[in-house]
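Every number in this text was worked out from the coordinates using simple rules, so none of it is lab data. Everything quoted here is computed from the prediction, not taken from an experiment. Using ideal geometry, Cβ is built from the backbone for each residue, glycine included, and neighbour counts are taken over all protein chains shown.
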Amino acid sequence: MFCIRFVVFLLPFFLVAEVQGYSAGALQLCHQRQVEALRGRCLSFNYRESRYRFYHSAEPWQTINSRRHGRINCDLSSFSKIDTLVRRGKIHQAKIQFSVGELLIQPYRSQQLLDVSRKMVEEQLYKTARYTPIMLLDYFNRQAPTVDSISMAGMAIYELTIHHTIVKLFIRTSDFLLARITCSSYHDMLGDETHTYRFSDYRAIEGLHIAHTIHIGKLHGVQDTIALAAAEFTASAQAALTRPESYLIREEPACRGEVLTDIWNIADRVYLINLPQAKSRAGVIEFDEFLLVFEAPLNSANGEAIIKCCRDIAPDKPIRYYAVGHHHPWSLGGVRPFIHRGATILCRKESLDYLRYIAGASHSLQPDSLELQPMPLRTQLVDSLSIITDGSLELHIHFVGAASLHANDYVYFYLPSAGILFQGDQAWIRRLDGPGTAGKRQKALYDTIRSLRLDVDTIVQHWPTADSYGVKSVFSFRELEASITKE
Ligand SMILES: [Zn+2]
């Protein structure tokens with residue numbers, strides 16, 4: 001009885017040891033089936049792709065879909081892609097040529113090569129796996145990482161970090177084919193972001209196992225699909241682009257460094273905090289007993305820098321409110337440090353769910369203050385007109401919404417006592433040669449100010465603030481009016 005019990009007790013350990021020993025070579029076996037079977041040749045195939053991307057949309061999480069097709073040549077050391085995009089009846093072509101340490105990109109509608117950074121070169125290795133995992137599998141095999149774990153679902157999992165992105169291979173231990181890849185990277189506003197590439201519809205061509213369907217799952221349930229066809233072998237890879245003599249990779253600083261700021265006291269108790277690296281600015285209103293901040297751009301580092309400036313402006317006054325101008329990154333990206341400090345977030349109901357997502361998103365890959373010390377999100381909804389006041393100073397928050405022709409949660413901040421209106425990104429008033437002719441969004445700004453009957457003297461725009469765009473970020477209502485009446 002004792003012996004039987006002892007054997008039963010030890011059996012799971014033997015099984016685990018055997019599975020681990022067997023699966024420790026899963027990467028090599030997968031490499032044999034999906035890479036070595038190339039036998040020095042080049043793989044060439046057609047693809048059709050449906051791709052989605054988030055954009056500066058009217059509502060959060062809206063996507064633009066593009067359908068592309070093209071041909072790819074790939075071997076162990078190089079990857080080339082000639083991509084065709086049809087838009088509004090016009091055909092556009094883009095090309096990529098990649099090998100380890102070198103990346104050439106000719107974008108759509110251009111004959112010039114793109115300026116390429118070290119980060120882009122390194123990231124391209126796992127981006128090629130959207131179409132074929134050959135180069136990535138070979139890279140993993142050469143790096144020879146030990147198996148990270150064996151999942152209960154029969155997957156041998158391997159992990160490497162490629163330029164701050166954690167890349168994991170999931171290899172089935174039943175047939176040693178690659179089932180999926182996950183790429184986890186950090187998004188400044190949305191936090192940890194994992195893309196999952198799922199490989200299916202495997203077909204063996206002369207011993208090389210090729211997944212003919214690849215689904216790529218992204219944030220918020222968005223999914224790209226790639227279908228392969230007409231795969232064949234050629235003796236050598238044909239280059240899509242040739243390296244120019246002037247080829248240089250742009251080196252990037254090892255870290256971002258300190259966020260630069262300067263404070264502009266534009267009116268009594270009204271401050272603009274310029275953030276030149278973000279080509280943007282935040283606004284701070286000083287009430288008798290508290291501060292209100294709006295338009296903290298892009299990321300938590302900017303939010304922290306703005307909070308530091310608030311201490312310089314009024315060391316003893318708490319930041320009671322952070323007000324959301326609209327849900328785009330230049331207005332909302334720096335909100336998390338304000339949640340961490342316990343500020344009440346003033347927002348429209350249209351952006352409340354998105355704000356909750358941003359507040360609750362994991363930032364484990366680059367922890368910010370809210371990740372390190374979670375705090376509850378406190379919100380207060382903005383009505384068609386909400387007034388923040390201490391009895392002497394009033395800030396009016398006007399809901400504009402779809403009338404902005406930009407975002408459905410858009411609001412204006414209006415200070416009646418100073419005749420100043422603050423808004424995110426609606427106008428393009430030229431610095432030189434007069435204000436220029438207004439576009440639709442700029443006309444919408446003018447029309448809304450008129451329809452709300454606001455007595456505006458000065459308009460502050462929060463993005464863009466850099467000279468490179470050739471537009472003003474602080475301008476008079478008269479200049480706006482001149483751009484509307486100009487033919
Ligand atoms: Zn915007």
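Annotations for the structure displayed:
- Sites listed here are trypsin sites (Lys or Arg not before Pro) in segment 29-68 whose DSSP assignment is loop and whose Cβ has at most 10 other Cβ atoms within 10 Å: Arg39.
- Length released on extending from Tyr108 to Thr485, taking residue separation times 0.36 nm less the Cα-Cα span: 132.1 nm
- Measuring how big segment 332-487 is from its alpha-carbon positions, Rg and Dmax come out at 17.6, 55 Å.
- Each pair of Cα atoms in segment 379-457 enters the Kirkwood radius, and Stokes-Einstein at 10 °C and 1.306 mPa s then converts it into a translational diffusion coefficient of 117 µm²/s.
- Overall Cα dimensions of segment 56-177, principal axis frame, Å, largest first: 49, 37, 27
- Mean residue ellipticity, 222 nm, helices only, the chain: the sum of -39500 (n - 2.57) across DSSP H runs of n ≥ 4, divided by residue count and rounded to 500, is -6500 deg cm²/dmol.
- Note on segment 175-206 and segment 337-411: Cα centroid distance 34 Å, given to the nearest whole angstrom.
- Ordering Met135, Met155 from the fewest to the most neighbouring beta carbons within 10 Å gives Met155, Met135.
- All Cα pairs of segment 22-113, percent lying beyond 21 Å: 53
- Exposure proxy for Arg450, Arg281, Arg130: other Cβ atoms within 10 Å of each Cβ, ordered fewest to most, give Arg450, Arg130, Arg281.
- Calculated P(r) of segment 232-349 - Cα pairs past 22 Å, %: 44
- Per-selection Kirkwood Rh - segment 22-234 (Cα, Å, 1 d.p.): 18.1
- Counting charges near Leu272 (Lys, Arg +1; Asp, Glu -1) among other residues having Cβ under 14 Å from its Cβ returns a value of -1.
- Counting other Cβ atoms within 10 Å as a rough exposure proxy, the listed residues Ile226, Ile214 run Ile226, Ile214 from fewest neighbours to most.
- Seen from every direction in turn and averaged, the convex hull around the alpha carbons of the chain projects onto 30.7 nm².
- Fully extending the segment from Asp447 to Thr194 would add 86.8 nm, taking 0.36 nm per residue of separation and subtracting the current Cα-Cα distance.
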